[in-house]
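Throughout, read-outs are computed from the coordinates displayed, never taken from laboratory work. Everything numeric here is computed off the predicted structure, so don't read it as measured data. Neighbour counts run over all protein chains shown; Cβ positions are idealised from the backbone, glycine included.
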Amino acid sequence: MTVSRTGFTRALAVGRPENIVKLFPNSRALIVSGKFIDRGLLAKGAAMTIAANGRNHLVIRGTLAAAQKADSAVIIEIARSEGGAAAYCATNYWNIARQVDALCNEMGITVPVAIHADHYGIKQEGDLDFAKVEIPTLFEAGITSIAIDASHMTDDKNLLANLALTQFVPAWAGLETEVGEIKGSEGLSSAGEALFLIRGLNAHNIFPDWIALNNGTTHGIETSGQGIQVELTTAIHEKLKPYGTSGAQHGTSGNSTKRLRRIAAETRTTKANVATALQMISWGLEVNDYGNAILDDRGEFIKVPGEGLTENLWQEMKNFAAENGWSRGNYKKLNLPFENRIMAQPQTIRDRMAARVEDFVFSLLTGVFNAGNTAEATIDAILTSGCATPVPKCERTEDPRDWSGDRIAAMAADLNHDRGPEGDFDD
């Protein structure tokens, strides 16, 4: 099944949110709320789509090409650490929509695309005042979905931060929340912790489209082999089912395709973040079949000759990393200083970088995530809605009187949740 010209044209007329219409009045890019992407994947069932972190321009190009080929709805995202005010990527919260719109029009992309501000991190209460000013600017710049991530704080403060900041998120925008800071196998999320957050939001007429959990993954390169705990994820999602909340799977890079197929098939996950794998693949590094970098006997990355970057540019990047004392996990910091050098390569090099991403993402979408042919279902959701704001997936069932500030603090104290070790777990 492919997107019909009539359906696409009708969805283009009614499905683009007001910020996208204002920014790109003459565009033919079907940039929509993340809410519709979630609903399209739910309609197919046992399916999730990629939320691709566009750390460089060619990752975005390759991902969009793959989604078009797979006829899959897709999410293009950037996290606050990657593309916020203190970014390590040239792609940022304020230019990612412009890149996506330009590429969709250039490449004739007709599948629905959401643009997600991932991991908008709140690490302490003092971050809230700045966030209240900055978050509206993201939507002014074309973001159509956001993850409010206050998981670094205690459960009560996480909920209160979400309540404070969601008032700055448009009603039509996709909304993700997070419980349990991503720490690998330590500090795993619990059903009680997740229910506390979702019930507290429900009481205040806030209905997140997704929740992210600490279900055993890490950000960056996966080294432990433990990865996603499928049974834990399934159990928590089942508890949240009455509230209509889907799962967002973080730390996807490095998890085996077998485990990712189980997440798609056995849980209510509709969004799977992939960041590090796409960066490595675009550069031309050797990876295994699920995107984890393969290292040589000295523990260094292996550059595949004739793939990705030119060998000379890769050597420059390695030298730059060494001069700055950056180890493997910090190679992500090369994105910002080398974006212009990457884009200054010959077109044949840029094309092969994007094609490498396209092949990998297409394989994920069709062979692992079961996201193929979800574009039509997403467009159907848009046309059924008849506007850019779908109705919530559930109604308020919690009594707001039970979720006052004092009651929130008291209930959180009873959770007795092991949050794992302290430390800087970068998003």
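Assorted remarks:
- Put simply, when 356-362, 15-21, 274-280 are sorted by average Cβ atoms within 10 angstrom per residue, most first, you get 274-280, 356-362, 15-21.
- Separation of the A85 and V304 label points, Cα + 7 Å toward Cβ, nm: 4.0
- Cut-off under 5 Å, modelled amide H: who pairs with A51 long-range: A272, N273, V274
- GNM on the chain, alpha-carbon springs under 10 angstrom: the most fluctuating residue among K258, K69, K44 is K258.
- Helical content of the chain, expressed as a calculated mean residue ellipticity at 222 nm, amounts to -13000 deg cm²/dmol (DSSP H runs of 4 or more residues, -39,500 (n - 2.57) each, divided by residue number, nearest 500).
- Every Cα-Cα pair in the chain was counted, and those over 26 Å apart are 51% of them.
- Derived scalar couplings ³J(HN,Hα) [region 256-264; Karplus, 6.51 cos²θ - 1.76 cosθ + 1.60; whole Hz; x for Gly, Pro]: 5, 4, 4, 5, 5, 4, 5, 4, 5
- Cross-link pairs K123/K239; K44/K393; K35/K271 - those with Cα-Cα distance over 18 Å: K123/K239
- Burial ranking of peptide ranges 45-51, 101-107 (average Cβ count within 10 Å, highest at the top): 45-51, 101-107
- What you get for the chain, charging only the Cβ of Lys and Arg (+1) and of Asp and Glu (-1), is a dipole of about 1240 debye around the Cα centre.
- Calculated FRET efficiency, A409 to D289, Cβ-Cβ distance, R0 = 56 Å: about 0.75 to the nearest 0.05.
- Normalised by residue count, region 243-310 yields a Cα convex hull volume of 88 Å³ per residue.
- For region 85-129, diffusion coefficient by Stokes-Einstein and Kirkwood Rh (Cα), 10 °C, 1.306 mPa s, µm²/s: 123
- Listed peptides 364-370, 336-342, 404-410 appear in the order 364-370, 336-342, 404-410 once ranked by packing, highest mean of other Cβ atoms within 10 Å at the front.
- Full-extension gain in nm, D402 to M107, via 0.36 nm per residue minus C-alpha separation: 101.1 nm
- Over the chain, relative contact order from alpha-carbon pairs under 8 Å, at least 6 apart, %: 25
- Euclidean distance of C-alpha centroids, region 90-118 and region 152-166, integer Å: 29
- J(HN,Hα) series, region 28-37, from Karplus relation 6.51 cos²θ - 1.76 cosθ + 1.60, nearest Hz, glycine and proline x: 10, 8, 8, 8, 9, 5, x, 4, 5, 4
- Taking the charge dipole of the chain about its Cα centre, with +1 at Lys and Arg Cβ atoms and -1 at Asp and Glu Cβ atoms, the residue from A293, I236, A13 reaching farthest to the positive side is A13.
- Extension gain for A171 to T2 (0.36 nm times residue separation, less C-alpha to C-alpha distance): 57.9 nm.
- Computed from backbone phi with θ = phi - 60° and the Karplus coefficients 6.51, -1.76 and 1.60, the 3J(HN,Hα) list for region 94-100 is 9, 10, 5, 5, 5, 5, 5 Hz; x is used for glycine and proline.
- For the pair V21 and K318 in one chain, pulling the backbone fully straight at 0.36 nm per residue adds 102.7 nm over the alpha carbon distance.
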